[in-house]
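Student: Please read through the structure below; I'll follow up with questions.
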Amino acid sequence: MKSASFIFLLSTFIFSSNLHAKDKNQFMYFGLSAKNHNYSDLNFAPTISKQSLGQLKLEESNNAIGARLLSGYQFNRYLAVELGITNFGEGDFKLIEQTTSSDGKKKTNTLHKGEFKTIGADISLVATYPFSDSIFVKALVGLQGWDNQFDVLEKSNDSFNVISQDDRGASLLTGFGIGYGVSKSMAFTLDFEQTEIAEIKTNSVSINWLFRF
């Protein structure tokens, strides 16, 4: 992915710059995030009504856990640049059929299934404000690049089919958070972010584990 290559090169540049940082407020940091993604208005069957499903049942999930690797450079007490690669949590659906055997046991068969699957790369400017040596708040604005696969269920006559739509793009990324510095080299933050993936509004809550070098 070109965006991932760009982030790698920029991260290398930032790391080189860090070797020349003399001020205690200038440093490189890395981190790992666990993110809960929620997709608003994610509709896997936009042209199918509930009545047309008959005895079949469509199960959909628009909430999932993802992960992010990140690196950043803190220029001073108030401003940083941050880059990341995110494996977004996958929304999914299943079209299922429930049957009852002669002995009264219920059986569930999955007829079709699909996913809303995304990998992304981002770059952001992060404004920070320290309330103390341990507590700080942050706000960010940036660009979220994404590579998405969106599976959609369609009906033709009496049969159902899954159509895969692949799309790439970039969207505005905004967010805010609060952090706690455990030590001079380690901190945790709780972040709330918003962007759009394939025109689907995407909200996330993440816990981030940051290391300073």
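The values are calculated or read from the model by the stated rules, or taken from the named source; none is laboratory data. Fair warning: this is a prediction, and the values are worked out from it, not measured in the lab. All Cβ positions, even for glycine, are placed from backbone atoms using ideal geometry, and neighbour counts span all protein chains on display. Side chains are part of the model used for accessible areas, which takes the heavy atoms of the whole protein and leaves out ligands, DNA and RNA. Shrake-Rupley method; radii C 1.70, N 1.55, O 1.52, S 1.80 Å.
Student: Restricting attention to the range 80-101, report how many residues are open to solvent by 70 Å² or more (accessible area, probe 1.4 Å) and over 30 Å from Lys155 (Cβ atoms).
Tutor: Count: 2.
Every residue, every condition in (1) farther than 20 Å from Phe75 by Cα; (2) part of a strand (DSSP E or B); (3) of a type in the set (S, T, N, Q), yes or no:
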residue: Ser124; (1), (2), (3): no, yes, yes
residue: Tyr129; (1), (2), (3): no, yes, no
residue: Thr189; (1), (2), (3): no, yes, yes
residue: Thr202; (1), (2), (3): yes, yes, yes
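Student: Now, a different point. Could you list all residues from the range 180-201 that are in contact with a Phe, Trp or Tyr (Cβ under 6 Å, 6 or more places away or on another chain) and of a type in the set (Val, Ile, Thr)?
Tutor: If the condition is that a residue be in contact with a Phe, Trp or Tyr (Cβ under 6 Å, 6 or more places away or on another chain) and of a type in the set (Val, Ile, Thr), then Ile197, Ile200 are the ones that fit.
Student: Right, another one. Hey, among the residues in the range 44-65 that are in contact (Cβ under 8 Å) with a residue 12 or more places away in the chain and assigned to a loop (DSSP other than H, G, I, E, B), which one's farthest from Asp92 (Cα to Cα)?
Tutor: Checked the range 44-65; the qualifying residue farthest from Asp92 (Cα to Cα) is Gln55.
Student: Which residues, counting only those in the range 165-189, are within 26 Å of Asn148 (Cα to Cα) and of a type in the set (A, V, I, L, M)?
Tutor: Those that are within 26 Å of Asn148 (Cα to Cα) and of a type in the set (A, V, I, L, M): Ala170, Leu172, Leu173.
Student: Further, regarding this structure: Cβ contacts < 8 Å: first residue touching a residue at least 24 places away in the same chain (Cβ under 8 Å) and under 30 Å from Val152 (Cβ atoms), restricted to the range 186-213; second residue open to solvent by less than 80 Å² (accessible area, probe 1.4 Å) and outside any strand (DSSP E or B), any location; separation 6+ or different chain. Result?
Tutor: Ile197/Phe88; Ile200/Ser40; Ile200/Leu42; Lys201/Ser40; Thr202/Ser40; Thr202/Phe88; Asn203/Ser40
Student: What is the number of the single condition among (1) within 23 Å of the chain's Cα centre (by Cα); (2) of a type in the set (Gly, Ala, Ser); (3) not in a strand (DSSP E or B) that Gly84 does not meet?
Tutor: Every listed condition holds for Gly84 apart from (3).
Student: Could you list all residues from the range 23-56 that are among the charged types (D, E, K, R) and within 28 Å of the chain's Cα centre (by Cα)?
Tutor: Lys35, Asp41
Student: Any chance you could count how many residues in the range 95-140 are modelled with pLDDT under 90 and closer than 22 Å to Ala198 by Cβ?
Tutor: Matching residues across the range 95-140 total 0.
Student: Go through the range 173-213 and give me each residue that's open to solvent by less than 10 Å² (accessible area, probe 1.4 Å) and among the aliphatic types (A, V, I, L, M).
Tutor: Once the filter is applied, which keeps residues that are open to solvent by less than 10 Å² (accessible area, probe 1.4 Å) and among the aliphatic types (A, V, I, L, M), the range 173-213 yields Leu173, Ile197.
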